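Everything below concerns the one structure shown next.
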Amino acid sequence: DAKLVQRSSESQMEEEPTGPEQGGLGLAAPATGAASLPLVEGPPQEGGTGVAIGGLNLAEVVRASMDRCVRIFVAGDRSHCGKTTISLAILGGLEKAGVPPSKLAYIKPATQCEAPDLLGKWCASKGVVCVCGKSAPLVFYSGFTREFLNGNAGTSASWMGAISAAVDRVAMGKSVVLVDGVGFPGVGSCVGISNAEVARAARAPVLLVGKCAVGEAIDSYSLNAQFFSSQGVPVLGGVFNRGQTSGFYHWRDCAPHIRGFFAARRPRELVLGIVPELPALDGARERIGGMDDRESLALAEANIDHAASHLDLAAIYLAAAADPWNRIGGGNSLGSPALGPLTSVPMAAATATASHPNAKAPNGRKRTREEIEAGAKAIGARGG
């Protein structure tokens, strides 16, 4: 791995990096300061991305470190910012570059949504291990938070143990694992299971996805990156998604300002993609349930081709691989780090297990999730 990074560094004196928005799947690393990883275009493989790192193809770089797993936590600055869209593009881009699907995995360990999505369908069609939706270790169903705070739905430690174990299981034998966050970074804080705590338990450095603009995008990135950093979680950089394709906020006009900010103020972090909107994806979340497999997989491939062409896949992989959390222990079988004070959320004593614990009914019988959820919705609950 050190030799690969060294070769990448040596190429900086020979090649002038090109921004990924200029075309191609994951081209050169953005010039964002000392932490930038200089990359060069390489000859495309048949059906591949043509990404090269210091003269090496992306798939070759991944194959060269097959003995360990690189974990990446994909966080968002808000709900529905495109975390799953970007996760699908990363997985699909790596697969198109020649990384075997058997070496890829995806897990969304805590979720608010159990509906099917494009990523799940794509993973199933390719044989990529995917843990999400109803199979997620923790679901923030309606009524969960109050039951938890009343001491009837497990403990922070029990849930974090289940999440950590699930991430470790999917990481076994994999080269790249994406750990998808839920909502904005602070979601889950009230039960001691925020995105920062999940990322730390998973030992996965953060790729932060947010809106593409200028002031709002930069301010939001700074706020949310600081949330992770303040809790000891490394941040690799940002992907600025759903950029407008016309008008004052055209993504091409926003790009130099975003890159300039990173170069001047956050030189140790990277601009890892600036992705314009894809109209075909508008409302896709709501339409997936009515799609047949052929239609949903075609849309998933369109998602991959579009978003991956504006992501710096090589820089994402190398930045994550170079992070100490992925260098120490190899990522495949490394246990979770101690959580320390992050789990010190006041709560009543709870004895439920970590597998969707239930509250007790007045007669002492444990209430089912369905009973808790129905009761919460009946009095106006909208989420967990």
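The values are calculated or read from the model by the stated rules, or taken from the named source; none is laboratory data. Since the structure is predicted, the reported quantities are computational estimates derived from the model, not experimental observations. Methodologically, a virtual Cβ is constructed for each residue, glycine included, from the backbone with ideal geometry; neighbour enumeration extends over all protein chains shown. Remember, those area values only see protein heavy atoms, side chains included, never the ligands or the DNA or RNA. Shrake-Rupley method; radii C 1.70, N 1.55, O 1.52, S 1.80 Å.
For the pairs K121/K377; K108/K174; K108/K211, note any where the Cα-Cα span goes beyond 18 Å. Result: K121/K377; K108/K211 exceed 18 Å.
A simple rule links phi to the HN-Hα coupling: the Karplus curve 6.51 cos²θ - 1.76 cosθ + 1.60 with θ = phi - 60°, which for region 178-193 gives 9, 10, 8, x, 10, x, 8, x, x, 4, x, 4, 5, 10, x, 9 Hz, with x for Gly and Pro.
The accessible area of K126, taken with all protein chains in place and a 1.4 Å probe, comes to roughly 70 Å².
In order along region 200-206, the Karplus-derived 3J(HN,Hα) couplings, from 6.51 cos²θ - 1.76 cosθ + 1.60 at θ = phi - 60°, round to 5, 5, 7, 6, 10, x, 9 Hz, and Gly and Pro are given as x. Modelled spin-label separation between S79 and D282, with each label point placed 7 Å from Cα along the Cα-to-Cβ direction: 2.2 nm.
One decimal place: the segment D293-A264 gains 5.8 nm when fully extended, by the rule 0.36 nm per residue minus the C-alpha distance.
In sequence order, region 308-321 has phi-based couplings of 5, 5, 10, 9, 9, 4, 5, 5, 4, 5, 5, 5, 5, 5 Hz under the Karplus curve 6.51 cos²θ - 1.76 cosθ + 1.60, θ = phi - 60°, and Gly or Pro positions carry x.
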